Amino acid sequence: MTKLPKFNCNLLHPKYWCIWLGIILLYLIVVLLPYHAIHYCGIKLGRTVQWFISRRIKIIRQNLQLCFPNLTKTELEHLVKKNCESIGMGIFETGMAWFWSDTRIKRWFTIKGLKYIIQAKKENKGVLLIGMHFLTLELGARIFGILHPGIGVYRPNNNLLIDWLQTWGRLRSNKSMLHRSDIKGIVKALKNGEIIWYAPDHDYGYKNSIFVPLFAVPHAATTIGTYKIAKITKPAIIPFMPYRLPNASGYELLILPDEKTIPLNQDIETVITYINKKIIEKLILTAPDQYMWLHRRFKTRPHGDPPLY
């Protein structure tokens, strides 16, 4: 379990100076500028960045075509454009999550559905908080932690400085972090009544995954971790998502009711298909332009199937 990290002087090595420059610039922008100015800069940054990440733009477009094959070319390109704007905003929203005060965070958030967390805690249940990889992820984790500190499940960043900073930022309002492969730690925390933030929406490879439908893709490699954890601990399974409201008016943290209808008494494939269709797809469709489409979600294919990228 990861606690608040101590600063290591090795992070001041010259190889990190460019990253430090970016961090300082991000800090100055999000701390000194009003939100409307940050929003304007984020949208402009996203529109500019798209010309320098052509490979990622192809991945975004391919993911959207795979998931939503009925989109017209105009609709597809509009969604690609809006997603790029969200990428720019996501950079600043990460800085907001790490550097803003609790007071400023609360000022720009409305909360919907907090009663479902309160009810689960009254029943002395652990809470498996099902989140998605939205570009507002860091900001959502921060506001939720302010309301009800929990434990995040994550993969350490390969860059030591970024890993230190994101861990420090996430632990500003949460208790600790667990590696995504630490199933024993997750189970123990849930049995102790903790809130665990868990994201089952990415492609984590063949290990501990099965192929089930996701949107129009019939065989999407999907982790079975949700099934294992829920089967053992029987927690409240509560989906949530933070999303950006239109016209620079702030954010909403949407918390949905406990998913008591997940058919955990059935086979793994049925359960994971239910989670994909009834939770993951439902949340993504709430704000599809704010989802992390730039990852190769369908990179793992059934043996013998051609690659999709």
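Across segment 195-217, which residue is nearest to residue 275 (Cα to Cα) among those that are open to solvent by 30 Å² or more (accessible area, probe 1.4 Å), touching a strand residue (DSSP E or B) at 6+ places or on another chain (Cβ under 8 Å) and modelled with pLDDT of 95 or more?
213
Could you check segment 255-280 and list, in sequence order, the residues that are outside any loop (DSSP other than H, G, I, E, B), surrounded by 18 or more Cβ atoms within 10 Å (Cβ to Cβ), of a type outside the set (Ser, Thr, Tyr) and within 20 Å of the chain's Cα centre (by Cα)?
255, 272, 275, 276, 279, 280, listed by residue number.
Between 123, 138, which is touching a residue at least 60 places away in the same chain (Cβ under 8 Å) and either under 17 Å from residue 98 (Cα atoms) or out of contact with any Leu (no Cβ under 6 Å at 6 or more places or on another chain) (or both)? Spell out how you get there, then give the answer.
On the way: 138 fails: touching a residue at least 60 places away in the same chain (Cβ under 8 Å).
Going through 123, 138 in turn, just one is touching a residue at least 60 places away in the same chain (Cβ under 8 Å) and either under 17 Å from residue 98 (Cα atoms) or out of contact with any Leu (no Cβ under 6 Å at 6 or more places or on another chain) (or both): 123.
For residues in segment 171-194 being within 16 Å of residue 148 (Cα to Cα) and free of Cβ contacts under 8 Å to residues at least 60 places away in the same chain, which is least open to solvent (accessible area, probe 1.4 Å)? Working first, answer last.
Residues of segment 171-194 within 16 Å of residue 148 (Cα to Cα): 171-177, 189-190, 192-194.
Right, trim to free of Cβ contacts under 8 Å to residues at least 60 places away in the same chain and you get 174-175.
On the way: 174: 32, 175: 101 Å².
Filtering first and then ranking leaves 174.
Out of the residues in segment 131-149 that are open to solvent by less than 20 Å² (accessible area, probe 1.4 Å), touching a helix residue (DSSP H, G or I) at 6+ places or on another chain (Cβ under 6 Å) and not in a loop (DSSP other than H, G, I, E, B), which is modelled with the highest pLDDT?
Among those residues, the one meeting the criterion is 134.
The values are calculated or read from the model by the stated rules, or taken from the named source; none is laboratory data. This structure is a prediction, so every number in the text was calculated from the model and none was measured. No Cβ is skipped: glycine too gets one built from the backbone with ideal geometry, and neighbour counts run over all protein chains shown. SASA here: full protein model, heavy atoms, side chains in, ligands and nucleic acids out. Shrake-Rupley method; radii C 1.70, N 1.55, O 1.52, S 1.80 Å.
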